[in-house]
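First up is the structure itself, then whatever we jot down about it.
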Amino acid sequence: MDTESIIFTIGPLAITRPVVTTWAVMLGLTLLCAIATRRLKLDPGPFQTMLEGIVGTIHDAIDDTLPDYGVRLLPFIGTLWIFIAIANLVGVLPGASSPTGDLSTTAALAILVFLSVHWFGIRGEGVRAYLSHYVQPSPIMLPFHIISEISRTVALAVRLFGNVMSLETAAILVLLVAGFLVPVPVLALHIVEALVQAYIFGMLALVYISGGIQSQQSRSSRIKAGASS
Amino acid sequence: MQLDWTTFLLQIVNFLVLVWLLKRFLYRPVLDVIARRREGIEKALNDARDAEARAETLRQDYERKLAEQDSAQAASMARLADEIAAERSRRMAKLDAELATERERQAALVEKQTADAGRKAGDAARAAALSFVSRLLGRLSGAELDRRLLDMLIEDLATLPAEQLEALNDAAAAPDASLQLTTARALSEADQTRLLSALSNALGHSLPMTKQIDPSMQSGLRVGIGPWMLAASLADELAFFRSGARRAC
C-alpha cells in the first residue's frame, strides 16, 4: 500500500485518497440528483430536459443491446458510465486525482462487472442452466471460458487504470517542463479520453452482461427448437 | 501500480451504495416522470383517437345527411321544375288568349280609327269640295245663272209628280193663298212673266205674288205657296248638296 495516499484510518481500515475522492463524487452526485429530481414536472425545464436526456440515452443504449432489459440494467450500467466519467474528469481539477487512476478502484469496478455478468445470467435462467454454457459446445471449452472471463476482467481493470494514470502522468510531466498555457491541449485530451474510457468501460460491461444473458436465451431457443422438431 | 485490498473493498461498497443512491435519486424519479409523461401522451393520443373516431362518425353522419338533403333537394327541384313548366304552360295559354283578344281589340280599334280617318278625310274632302263649289258658283252667279235656274224651275214644275202637284194645288186653293217670291237679284219682267205663266199652268189659276230680295241666296229664286216652297237657288242647291253628302256618309 502506498502510504502517501492514506488520508486517515478508521480502526484497521486505511482510508486512501481514491476512496475519499469517491465519497466526494458520491456526495456531489447524490446531492445534485436529489436537488434536481426534487420537483420534476411533466413540462420539463432545460435542466430537467438534460437530465431526462442523459437517463433516456443510457436507457435506450441498453435497450438497443438488450431489449426489455433497459430498466433492469439501467442502475448498474448507468452508474458505471456516470461514475467513471466524473471520476475520470476529477483528475482535470487542480490538486485532485482521479479515483480511476488507482488500480484498486478499477479492479473493484471490474470485479463488480464480472460478478454482475453471472448475477444477471443466473437470474435469467437459473444457476444450472447458466453454468452449463461453460461446457458448451464441449466440456473441453471450460478452461478457455474461465480464462476468457478472468482475462477480460483483468483487461477491464488494467485498461481503465492504465489510460487514466498515463494521462495524469503525462499532464504532470507537461506541467513540469512546459510553460503556463501549454498543458491546455493535454487537459482537453484528458477530457475527451476520460469520456471515451467511461464509454468503453460501460459499453464492455453491457456487452459482457448481454453475452451472459443472450447465451442462455440462445441455448433455450435451441432446446425449444429441438423439442418441437 | 499496487492493489490495496482495503481500497478495493471500500470501492466495491462505495459503488454499490452509489448504485442505490442514483437509483433512488436519479433513475427512478426520472423514469417515473418519463413514464407519467408517456402515459399522459398515450392518454392524449387515445383521446385524440376517440375524438377522431367521433369526428369520423360525425363526418359520415353529416355526409349521409348531406346526401339525403341533396336527394331531397333534387326531388324538390324536379317537382318545382314540373310546377314551373305547368304554370308556364298555363300562363302562356292565358297570355295567348289575352293576346288574341288584344289583337282583335286592336284590329277593331285600327278598323275604327281607319273608318274615322276615312270619314274625316271624306268630310274634309266634301268640305273642301263644297267650299270650292260655293266659291266657284259664287263667282259664276249672275243674271245668266238666275235665268238658267228659273228655266230649271219651270222645267221641274212641268215634270212635277202628280201627288206633289196635287199638294201644291191644295195649298194654292186656300182663300188667302199667295205666292212669296224671293230672289237674289231682281228678276226681269220677262222672267217674272214666264214664272207666273208656268205657275198658273201648274196650279190652274193665278195667285197674288209678293217679291223679296235675299242676296244670301247668291243666285236663283225661291217661290213659297202656303207651306210649300219651290226652290231653285244656288244657296238652296248647295244646302241640299251638303245635307245629301252628309247623309251619304
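The values are calculated or read from the model by the stated rules, or taken from the named source; none is laboratory data. A quick note: this is a predicted structure, and the numbers were derived from the prediction, not measured. Cβ atoms come from the backbone with ideal geometry, glycine included; neighbour counts cover every protein chain shown. These area figures cover heavy atoms from the full protein model, side chains too; ligands, DNA and RNA do not enter into them. Shrake-Rupley method; radii C 1.70, N 1.55, O 1.52, S 1.80 Å.
Details
- Under the simplified labelling scheme, the B:A239-B:L80 pair shows an inter-label distance of 8.0 nm, with each label point 7 Å from Cα along Cα→Cβ.
- Of the GluC sites (Glu not before Pro) found in the range B:114-219, none is in coil by DSSP with at most 10 other Cβ atoms within 10 Å of its Cβ.
- Other residues lying with their Cβ under 15 Å from the Cβ of A:V25 contribute a combined charge of 0, Lys and Arg counting +1, Asp and Glu -1.
- Extended-chain gain in nm, criterion 0.36 nm per residue less alpha-carbon gap, A:D64 and A:T49: 3.3 nm
- Each listed q (0.06 Å⁻¹) maps to a log10 I(q)/I(0) for the protein assembly as shown, found by the Debye formula over equal Cα scatterers with no solvent: -0.60.
- Rounded to the nearest 10 square angstrom, B:R49 shows an accessible area of 120 square angstrom against a 1.4 Å probe.
- Model label points for B:N201 and B:A53, set 7 angstrom from Cα along the Cα-to-Cβ axis, are 14.2 nm apart.
- Inter-label distance, nm, simple model (7 Å from Cα along the C-beta direction), A:H118/B:Q164: 17.7
- Relative intensity of the range B:64-119 on a log10 scale, I(q)/I(0) at q = 0.13, 0.15, 0.26 Å⁻¹, equals -0.57, -0.63, -0.92, per a Debye sum over C-alpha point scatterers of equal strength in the absence of solvent.
- Under a model in which nothing but the beta-carbon of Lys, Arg (+1) and Asp, Glu (-1) is charged, chain A shows a dipole of about 600 debye around its Cα centre.
- Residue-level accessible surface for A:K41, protein heavy atoms, 1.4 Å, Å²: 130
- Solvent-free Debye scattering, log10 I(q)/I(0), computed from the Cα coordinates of chain A at q = 0.18 Å⁻¹: -1.34
- Measuring nothing but protein heavy atoms, the accessible surface of the range B:1-116 at 1.4 Å probe radius is 60 percent carbon and sulfur.
- Taken about its Cα centre, the protein assembly as shown carries a charge dipole of roughly 1740 debye when the Cβ of each Lys and Arg holds +1 and the Cβ of each Asp and Glu holds -1.
- Around the amide H of B:L181, modelled in the peptide plane, lie the amide H atoms of B:T210, B:K211, B:Q212, B:G224, all under 5 Å away and 5 or more residues distant in sequence or on another chain.
- Environment charge of B:G204, counting only residues whose C-beta is closer than 15 Å and scoring Lys/Arg +1, Asp/Glu -1: -2
- Once Rg and the Kirkwood radius are both taken over the C-alpha atoms of the range B:1-149, their ratio Rg/Rh works out to 2.01.
- For A:Y199, the solvent-accessible surface with a 1.4 Å probe is about 130 Å², rounded to the nearest 10.
- Across the options A:G45, A:P75, A:L131, the greatest Cα extent toward the positive end of the charge dipole of chain A (unit charges at beta carbon of Lys, Arg, Asp, Glu) belongs to A:L131.
- Surface listing: B:R135, B:R185 arranged by accessible area from highest to lowest gives B:R135, B:R185, probe 1.4 Å.
- Cα gyration tensor, the range B:141-248 - rounded (a/c under 1.5), prolate or oblate: oblate
- Neighbours of B:V223 by Cβ distance under 13 Å: Lys/Arg scored +1, Asp/Glu scored -1, total -1.
- Residues of the range B:5-22 that bury at least 40 Å² of accessible area when the other protein chains are present, relative to the chain alone (probe 1.4 Å, heavy atoms, ligands and nucleic acids excluded): B:T6, B:T7, B:F8, B:L10, B:Q11, B:I12, B:N14, B:F15, B:L18, B:V19, B:L22.
- Most to least accessible of B:D146, B:D176 (protein chains only, probe 1.4 Å): B:D176, B:D146
- Counting only lysines at least 8 places from B:K120 when in the same chain, those with an alpha carbon closer than 30 Å to its own are B:K112.
- Interface residues in the range A:26-59 - accessible area drops by 30 Å² or more relative to the isolated chain, probe 1.4 Å: A:M26, A:T30, A:C33, A:T37, A:L40, A:L42, A:E52, A:V55
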